[in-house]
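Scroll down for the structure; my scribbles are underneath it.
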Amino acid sequence: MVITTPPSIFDAAVLARTLYTALGTEGWKLTIIGMGRRLPLKLISEARLPVSVALSNVSMELEAEPPGPVYIVDNRGEPAWNLEPPRTIIIDYGGTFAASFHDAKRVRGLGAPSLTYEAITVLYEFFVRRKSWSPDYSSAFSRDIRSGVYLARKVLEAIQVFDNYIVLEPSVIAFTLRKVYLNKGLLVDPDTFKLEVNVVDGAVEEHITLKTYSIRGLRSIGNIEVKFNGEVLEIHDQEGMAYRIVIDAYRRIACCASGLCVGTEEDDVNIPRLEP
């Protein structure tokens with residue numbers, strides 16, 4: 001994306017923030033022309049960009065010819081939903097920079113009078129609304145299907161939002177695994193819980209360790225290791241991989257085997273029917 005002579009740092013910051021929240025840390029570059037050669041600290045602050053992302057993704061000078069196809073944001077242009085995504089989007093507040101791109105298409109979103117918010121709607125159309133993200137449900141696995149279905153339902157109950165990150169409530173997972181393994185002759189006891197969040201790329205790593213004991217004699221058997229990355233819950237016991245529950249926290253769907261998914265009771269009718 002190339003921005004020329006924005007009316008304020010706020011306008012540039014809003015667009016930088018939109019790129020970061022929509023696309024993450026990679027896959028985009030932002031060039032801002034007409035605000036000096038040094039990256040303003042106020043821009044980083046108002047855009048709430050991590051410094052590392054700002055330094056790698058934002059520049060104040062155009063270093064090379066923008067790759068095509070090139071689209072120019074114009075509230076009188078062709079509707080974005082009729083076009084394929086471009087490689088470069090130009091938001092030319094002054095009106096002279098874009099004139100040199102004779103083969104570029106002019107594109108609009110909602111036809112908003114504000115060029116900044118028109119650019120946001122164009123970005124949304126090309127890079128958010130069309131993004132067909134969903135977890136890889138087919139990778140789900142349960143050594144024991146009946147227990148897997150029960151575990152998948154309880155995992156949905158354990159979903160919590162912590163500072164905008166999806167995590168699982170460890171006490172719910174521990175209690176659920178205690179019931180699952182009690183039927184296998186083992187007593188499960190929670191031992192440690194660790195949560196790591198990379199605030200730059202949004203990666204979440206949740207790790208729960210549980211100790212297992214035989215019901216007869218309470219002999220120590222070993223550990224159960226539980227890992228969750230915001231999408232997949234893996235449970236390993238002494239025999240190896242026991243369960244891989246694939247979760248779509250936003251749609252409240254959890255799959256415990258290929259083709260076998262559950263939702264909250266009121267949402268079960270919306271569960272996708274997957275081929276085994």
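Remark: the chain carries 55 Å² of accessible area per residue (probe radius 1.4 Å; ligands, DNA and RNA excluded). What angle do you read, to the nearest 10 degrees and between 0 and 90, between the alpha-carbon axis of helix 115-124 and the longest principal axis of the chain? Helix 115-124 and the main axis of the chain meet at about 40 degrees. Using a probe radius of 1.4 angstrom, the carbon and sulfur fraction of the accessible surface of the stretch 145-262 is 51%. Taking every DSSP helix (H) stretch of at least 4 residues in the chain, weighting each as -39,500 (n - 2.57) and dividing the sum by the residue count yields a mean residue ellipticity at 222 nm of -7000 deg cm²/dmol.
Each residue of the stretch 2-128 gets 99 Å³ once the volume of the Cα convex hull is shared out per residue. Looking only at Ser171, Ser45, Ser100, which one moves most when the chain is put into a Gaussian network model with springs between Cα atoms under 10 Å? In this elastic network of the chain, the residue with the biggest mean-square fluctuation among Ser171, Ser45, Ser100 is Ser100. Could you state the angle between the C-alpha long axis of helix 145-158 and the longest principal axis of the C-alpha atoms of the chain, as a value from 0 to 90 degrees rounded to the nearest 10? Between the helix axis and the principal axis of the chain, the angle is about 50 degrees. Each principal axis of the stretch 145-262 carries a Cα extent, and these read 47, 31, 21 Å when sorted largest first. Angle, helix 170-182 long axis vs. longest principal axis of the chain, Cα atoms, 0 to 90°, nearest 10? Here the helix axis deviates by roughly 40 degrees. Annotation for His236 and Asn82: the two label points, set 7 Å from Cα along the Cα-Cβ direction, are 5.5 nm apart.
When you filter the chymotrypsin sites (Phe, Trp or Tyr not before Pro) in the stretch 119-187 for DSSP loop state and at most 10 other Cβ atoms inside 10 Å of their Cβ, you are left with Trp133.
Where both residues lie in the chain, what percent of DSSP beta bridges are antiparallel, nearest 5?
75 percent
Calculate the tail of P(r) for the chain: the fraction of all Cα-Cα distances greater than 28 Å, expressed in %.
Details: 19587 of 37950 pairs.
Percentage above 28 Å: 52.
The values are calculated or read from the model by the stated rules, or taken from the named source; none is laboratory data. Predicted model only: the values in this text are computed from it and were never measured. Note that each Cβ is placed from the backbone with ideal geometry, even for glycine, and that neighbours are counted across all protein chains shown. The accessibility values were calculated without ligands, DNA or RNA, using every heavy atom of the protein model including side chains. Shrake-Rupley method; radii C 1.70, N 1.55, O 1.52, S 1.80 Å.
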